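Here the structure is laid out as structure tokens; the discussion comes afterwards.
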Amino acid sequence: MRRPDASQLKQLPGNFTALGALQFAWSPVYGKLNFFGEKVLHFDTALLFDGGVLFLGRQVGSPNGRTAPEISPGLGQRFFFTRAFAIAFELRDMLYASGGVQNQLLFNLGFTFLL
């Protein structure tokens with residue numbers, strides 16, 4: 001393994017421009033938390049998996065961008081405040097082929113609104 005040069009250190013990890021993927025989630029754990037007998041908070045825990053194509057921007061030493069296969073296993077947690085609104089946390093490890101297998105550890109925080 002060789003050390004990166006100065007121009008490679010200034011480049012974003014992977015230099016992603018877009019991602020197209022099919023995502024799956026399985027929620028084997030569902031529960032309720034009761035706060036002082038007044039408020040019930042529903043939650044679920046999910047195993048996550050996606051696979052797809054990662055579009056990489058121009059890389060050092062190459063005039064064009066390219067694509068790379070990508071898979072991403074992870075773990076997710078949602079807390080429901082109403083029947084339609086939740087806050088979601090996800091931890092994923094994105095694995096992709098870019099001069100060997102690369103990985104990025106991703107943490108997502110978001111809001112879920114169910115129709």
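The values are calculated or read from the model by the stated rules, or taken from the named source; none is laboratory data. Given the structure is predicted, the values throughout are model-derived calculations rather than measurements. Because the Cβ atoms are built from the backbone with ideal geometry, glycine has one as well, and the counts that use them run over all protein chains shown. The accessibility values were calculated without ligands, DNA or RNA, using every heavy atom of the protein model including side chains. Shrake-Rupley method; radii C 1.70, N 1.55, O 1.52, S 1.80 Å.
Remarks
- Filtered by the rule that a residue be open to solvent by 50 Å² or more (accessible area, probe 1.4 Å), touching a residue at least 12 places away in the same chain (Cβ under 8 Å), farther than 18 Å from L22 by Cα and assigned to a strand (DSSP E or B), segment 72-103 gives R78, F79, F85, F89, Q102.
- Identity of the residue in segment 1-29, touching a Ser or Thr at 6+ places or on another chain (Cβ under 8 Å) and not polar (S, T, N, Q), that ends up modelled with the lowest pLDDT: G14
- For beta carbons closer than 9 Å, sequence separation of 6+ or different chains, a first residue in segment 34-50 that is at negative phi and open to solvent by 40 Å² or more (accessible area, probe 1.4 Å) and a second that is at pLDDT 95 or above and in a loop (DSSP other than H, G, I, E, B), there are no qualifying pairs.
- Picking from residues in segment 51-71 that are under 27 Å from F111 (Cβ atoms) and at pLDDT below 90, the one that is most open to solvent (accessible area, probe 1.4 Å) is F55.
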